[in-house]
Amino acid sequence: MQPLSWGEAGAGIAAIVLFAGVFFRQARLRRKTTLILLTLGVLFTAARLVLALRTPAAGWTGRYYVNETWSGQPEWPVRVDREIDFAGETFPLHYLNTYGERYRAEGENRGNALPLSVDWTGYIYLESGRVVPIELAARGIATLDIDGRRVREPRVPLSAGSHALRVRYTKPPATEGAIRLSLPYVVTPEPSARPYPVWLRTAARVVDGALLILGACVLFALTRAIWPLTRAQKIVAALYLGIGLQGWLIARRMYGGKAVALTQWDDWFSYEASAREVLQHGPLMTFGAPLGAGEPYVWHPLYCYFLAGMHVLTGEGLFGPVFAQYLIVAIVAILLFRFLAARFGEPAAIGGIVAFLCVFQMAFIRNYTYRLLTENLYILPLTLLLICFVRWAERGAWRDLVAAGFLGGVSSITRPATMLYLIPALVLVLIIAFRRRRPVVASVLVMGLFWMLGIAPVTLRNRVVSGRWVLISDVPSRLSDLARDLTPGIPVQGTTQLALRSIGDAIAREPARVARHELKKLGYTAGLTHLAGFPFHPELLGVTLLYLAMLVASPRLRELRFWPMHLFVLTHAVLMLITIPWNYGYRLLLPAYVFTSTLGATALVAKVSFRMRPNA
């Protein structure tokens, strides 16, 4: 699957169009205005398509090799580079984030540590014979051939017609590469019988500008149609555009126009390498093994496909996936604001979202959102799961229960630890159905069935690829994690029975040490991150204490309809106790703080507002 490339500007425009489609879905324009805008849009779009079809591709066909001799097969994919002007990280060496022995080098400096050779080919067309000035500079060895003859002078006489160009570049290992070719003509990947129509490219840019202006006019017209904006609409727009702009700027600064080689064997490298496997060899992610002889998933599956999808839309670089992760934070904030505003009122919901943004900005966004980590995707299906679960508890609609179950499965294939929530969730469905006088058995079955349906594609892939029935991923159980944690220095592998025996032995031998260790985990989960050697984050401890205090002080927060969220927070705390929560920084804490921060602050503002009312 060949990645497209919206580019940085295109990704930003697509994000705005997506937001506008949702934000203005209820706007109604006058018939005349709609007709004018629609006609202009059709005309400009048709003109742009015609220009695109008439304009030949521009650029060099590039073949990249991880050696100094242009030997073997080139790295996937064969590229079309607009120009030859690269240095250091600007070389498009995205293949370095792929599994394979030939990419093996320590650290993030693999682009310089490994050898490189590149073979670029292209064509120019001259209407008349002339002397062509050429400037080629490189750190390494670079040659230029025109029509099979080596170019050795800075000015080359060429006849009229098409000419084949070939640039070959090589650099040894442990060297930072650089090459720049200056040529006053447009290069095309294929030979042409006429000169490159530069005026068509100029016309295309003019039409692009017209489309942008038209888009701005459409947004203006839609805004006028729903003006004045309500307070809720202003908050939704501010959340999406504010966090989106922050993400666009950060992703552009860190990854724009760069091929960043991720640290091998870290999580982000493995997710990216799995995504590239999907792009190269299809969705089964076989890694070259025949069907039935491969491996079940090891890494959390859905996140790998999310990265692959972002690369299809935005290109091979990391800009697109990281920008999308910031948009996910914005969408989660909007979902929670609307959810809380409908139940506590807008002023209280504003307080909850302010707490959410403060906690995420100080503790998570600046440290984790710019990295390729499953939590950055996980918070979206998890939030939707819990919102649908609460709505079912309130209204009893089957569609909410179906959605909650399916989203539970989606959340589980994003982070398999969510399976720990399944049994408590089914028990809660039973309790709610019984207390609300709803079909108890049917409700439990629907939740469980659709949860499994959300997981089913992953299970079937594991069966097809590995020949084994593995539910989600083939990783040690949480009990094995706990056994290793309680018996330091003694690796615990194998069955759950062995893990339970090791845990029992540790508790029997040193009950006081085990209790202190688990209390340390509990404090760490509550926000005392310095207990594990990380900087202390008082905002995490603050929202945890506020959430617990409001559970006691706010009868509304204790209502049965909010139990799905409270149950997840409790389940997440249990998960932290039975695993090693600080192995990956403090990012494992992130999911629960989505809800403790918003619920605690919202309940506090609602209670204070109620007491301040004159008739309260």
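The values are calculated or read from the model by the stated rules, or taken from the named source; none is laboratory data. Just so we're clear, the structure is a prediction, and the values are computed from it rather than from any experiment. Quick reminder, even Gly has a Cβ in these numbers, built from the backbone with ideal geometry, and neighbours come from all protein chains shown. We work out accessible area using only protein heavy atoms, side chains counted, and drop any ligands, DNA or RNA first. Shrake-Rupley method; radii C 1.70, N 1.55, O 1.52, S 1.80 Å.
For segment 234-257, filtering for residues that are at pLDDT 90 or above and either of a type in the set (Phe, Trp, Tyr) or assigned to a loop (DSSP other than H, G, I, E, B) (or both) leaves 3. From the list 188, 143, the lone residue that is open to solvent by less than 40 Å² (accessible area, probe 1.4 Å), modelled with pLDDT of 95 or more and polar (S, T, N, Q) is 143.
Beta carbons closer than 8 Å, at least 6 apart along the sequence or on distinct chains, pair a first residue in segment 194-221 that is on the phi < 0 side of the Ramachandran plot and in contact (Cβ under 8 Å) with a residue 40 or more places away in the chain with a second that is charged (D, E, K, R) and surrounded by 14 or more Cβ atoms within 10 Å (Cβ to Cβ) for 204/48; 207/48; 208/48; 211/48.
The residue of segment 504-520 that is farthest from the chain's Cα centre (by Cα), among those that are of a type in the set (A, V, I, L, M) and surrounded by 15 or more Cβ atoms within 10 Å (Cβ to Cβ), is 506.
When 327, 357, 313, 336 are screened for being part of a helix (DSSP H, G or I), buried (at least 24 other Cβ atoms within 10 Å of the Cβ) and either free of Cβ contacts under 8 Å to residues at least 12 places away in the same chain or not charged (D, E, K, R) (or both), only 336 passes. Taken together, the criteria exclude residue 288 from residues that are part of a helix (DSSP H, G or I) and free of Cβ contacts under 8 Å to residues at least 12 places away in the same chain. Where strands (runs of 3 or more DSSP E) sit wholly within segment 112-183, those with at least 1 residues that are among the polar types (S, T, N, Q) occupy 116-126, 141-146, 161-171, 178-182. Looking only at segment 67-89, residues that are open to solvent by 60 Å² or more (accessible area, probe 1.4 Å) and under 13 Å from residue 110 (Cα atoms) come to 1 in all. Taking segment 163-185 as the range and being open to solvent by 50 Å² or more (accessible area, probe 1.4 Å) and modelled with pLDDT of 95 or more as the test, the residues that pass are 166, 168, 180.
Tell me whether segment 372-386 contains one or more residues that are more than 25 Å from the chain's Cα centre (by Cα) and either aromatic (Phe, Trp, Tyr) or at pLDDT 95 or above (or both). Scanning segment 372-386 turns up no residue that is more than 25 Å from the chain's Cα centre (by Cα) and either aromatic (Phe, Trp, Tyr) or at pLDDT 95 or above (or both). For segment 1-51, the set of residues classified as farther than 19 Å from residue 252 by Cβ, in contact with a helix residue (DSSP H, G or I) (Cβ under 7 Å, 6 or more places away or on another chain) and of a type in the set (A, V, I, L, M, F, W, C) consists of 1, 20, 23, 24, 27, 29, 37, 40, 44, 47, 51, listed by residue number.
Just to verify a result, which residue in segment 528-551, among those that are free of Cβ contacts under 8 Å to residues at least 60 places away in the same chain and not in a helix (DSSP H, G or I), is farthest from residue 601 (Cα to Cα)? If we take residues in segment 528-551 being free of Cβ contacts under 8 Å to residues at least 60 places away in the same chain and not in a helix (DSSP H, G or I), then 533 is farthest from residue 601 (Cα to Cα).
Please count how many residues of segment 293-310 are open to solvent by less than 20 Å² (accessible area, probe 1.4 Å), of a type in the set (Phe, Trp, Tyr) and closer than 22 Å to residue 243 by Cα.
1
For segment 521-545, filtering for residues that are open to solvent by 50 Å² or more (accessible area, probe 1.4 Å) and either among the acidic types (Asp, Glu) or over 29 Å from the mean Cα position of the chain (by Cα) (or both) leaves 3. Among the residues of segment 554-604, those identified as open to solvent by 40 Å² or more (accessible area, probe 1.4 Å) and within 22 Å of the chain's Cα centre (by Cα) are 583, 584. Of all the residues in segment 378-410, those that are surrounded by fewer than 24 Cβ atoms within 10 Å (Cβ to Cβ), touching a Phe, Trp or Tyr at 6+ places or on another chain (Cβ under 7 Å) and under 30 Å from residue 273 (Cα atoms) number 1. Contact map, segment 404-427: first residue in contact (Cβ under 8 Å) with a residue 40 or more places away in the chain and under 12 Å from residue 301 (Cβ atoms), second residue hydroxyl-bearing (Ser, Thr, Tyr) and outside any helix (DSSP H, G or I), Cβ cut-off under 7 Å, separation 6 or more or different chains; pairs are 414/374; 415/374; 416/473.
Checking each residue in segment 16-58 for being closer than 26 Å to residue 80 by Cα, small (Gly, Ala, Ser) and in a helix (DSSP H, G or I) picks out 46, 47, 52.
Go through 112, 67 for me and flag whichever is at pLDDT below 90 and over 23 Å from residue 192 (Cα atoms).
112
Residue by residue, here is whether (1) in contact (Cβ under 8 Å) with a residue 40 or more places away in the chain; (2) open to solvent by 60 Å² or more (accessible area, probe 1.4 Å); (3) farther than 19 Å from residue 311 by Cβ holds:
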residue	(1), (2), (3)
8	yes, no, no
12	yes, no, no
15	yes, no, no
26	yes, yes, yes
39	no, yes, yes
50	no, yes, yes
56	yes, no, yes
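Only one entry of 470, 429, 446, 458 meets the criterion of being surrounded by fewer than 21 Cβ atoms within 10 Å (Cβ to Cβ), at pLDDT 95 or above and out of contact with any strand residue (DSSP E or B) (no Cβ under 6 Å at 6 or more places or on another chain), and that entry is 446. Consider segment 223-233 and keep the residues that are out of contact with any helix residue (DSSP H, G or I) (no Cβ under 7 Å at 6 or more places or on another chain) and assigned to a helix (DSSP H, G or I). The one that is surrounded by the fewest Cβ atoms within 10 Å (Cβ to Cβ) is 224. Taken together, the residues in segment 502-512 that are over 9 Å from residue 486 (Cα atoms), part of a helix (DSSP H, G or I) and not hydrophobic (A, V, I, L, M, F, W, C) amount to 4.
In segment 276-292, what residues are hydrophobic (A, V, I, L, M, F, W, C) and open to solvent by 40 Å² or more (accessible area, probe 1.4 Å)?
284, 287, 291
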